[in-house]
Amino acid sequence: MFRGSSYHKIDVKGRVIIPTRFRNVINAQENRGVMVSTFDGGLVAYPYKEWENVENKILSLARTSETMRRFRRVFIGGAFDCSCDKQGRILLPPSLRTYADLKKEIVLVGVLKIFEIWSRERWDAEHANLDEDFKNEEVRNEIAQLGL
């Protein structure tokens, strides 16, 4: 499972160092890499087995919804296979870097079965938004249901 967050820099070629604890999760599978797509202003990285599960779920959904067709088109159509190199880096294609506004400082965030890649600015804004959400009693009650 992917947990925790770490701050990194993306190099000029678009390569990102994957933290060792994340690489260990990735390397536990047969293939050494992840599928990366766009979501919520950042990027989501799925180990291949998890990506296969996502594709199967999407295939099982009804195709009549215009919204679902658009989602499939953008989410699956915008995904890239990013293999780890010998230095434990993945190369993010320019289109993904542009979408997520990845320029220099980035944050990798473990979210259990996946990890997310954020620009530092957008990650800081996400934190601020969550802090604001905590002021809402409904949000606090929803989180309390987790037993936290």
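Filter the stretch 3-49 down to residues that are in contact with a Lys or Arg (Cβ under 7 Å, 6 or more places away or on another chain) and either part of a helix (DSSP H, G or I) or free of Cβ contacts under 8 Å to residues at least 60 places away in the same chain (or both) and give me whichever is surrounded by the fewest Cβ atoms within 10 Å (Cβ to Cβ).
Looking at residues that are in contact with a Lys or Arg (Cβ under 7 Å, 6 or more places away or on another chain) and either part of a helix (DSSP H, G or I) or free of Cβ contacts under 8 Å to residues at least 60 places away in the same chain (or both), I get Gln29.
Considering each residue of the stretch 117-140, count those that are surrounded by 15 or more Cβ atoms within 10 Å (Cβ to Cβ) and not acidic (Asp, Glu), and give that number.
6
Name the pairs: first residue in the stretch 113-134 and more than 30 Å from Tyr48 (Cβ to Cβ), second residue at pLDDT 90 or above and small (Gly, Ala, Ser), Cβ to Cβ under 9 Å, at least 6 apart or on different chains?
Ala125/Gly41
Go over the candidates Ile106, Ile114, Ile76 one by one and state the one that is touching a His at 6+ places or on another chain (Cβ under 9 Å) and either surrounded by 15 or more Cβ atoms within 10 Å (Cβ to Cβ) or of a type in the set (Lys, Arg) (or both).
None of the others qualify; the one that does is Ile106.
Determine which member of the set Asp11, Asp40 is on the phi > 0 side of the Ramachandran plot and among the acidic types (Asp, Glu).
Step by step, each of Asp11, Asp40 is checked, and only Asp40 is on the phi > 0 side of the Ramachandran plot and among the acidic types (Asp, Glu).
Pick from the stretch 63-109 the residues that are of a type in the set (Val, Ile, Thr) and without any contact (Cβ under 8 Å) to a residue 60 or more places away in the chain: which of them is farthest from Ser119 (Cα to Cα)?
So, considering only residues that are of a type in the set (Val, Ile, Thr) and without any contact (Cβ under 8 Å) to a residue 60 or more places away in the chain, the one farthest from Ser119 (Cα to Cα) is Thr64.
The values are calculated or read from the model by the stated rules, or taken from the named source; none is laboratory data. Note that the coordinates shown come from a computational prediction; the quantities given were computed from them, not determined experimentally. Don't worry about glycine lacking a Cβ; one is built from the backbone with ideal geometry, like all the others, and counts go over all protein chains shown.
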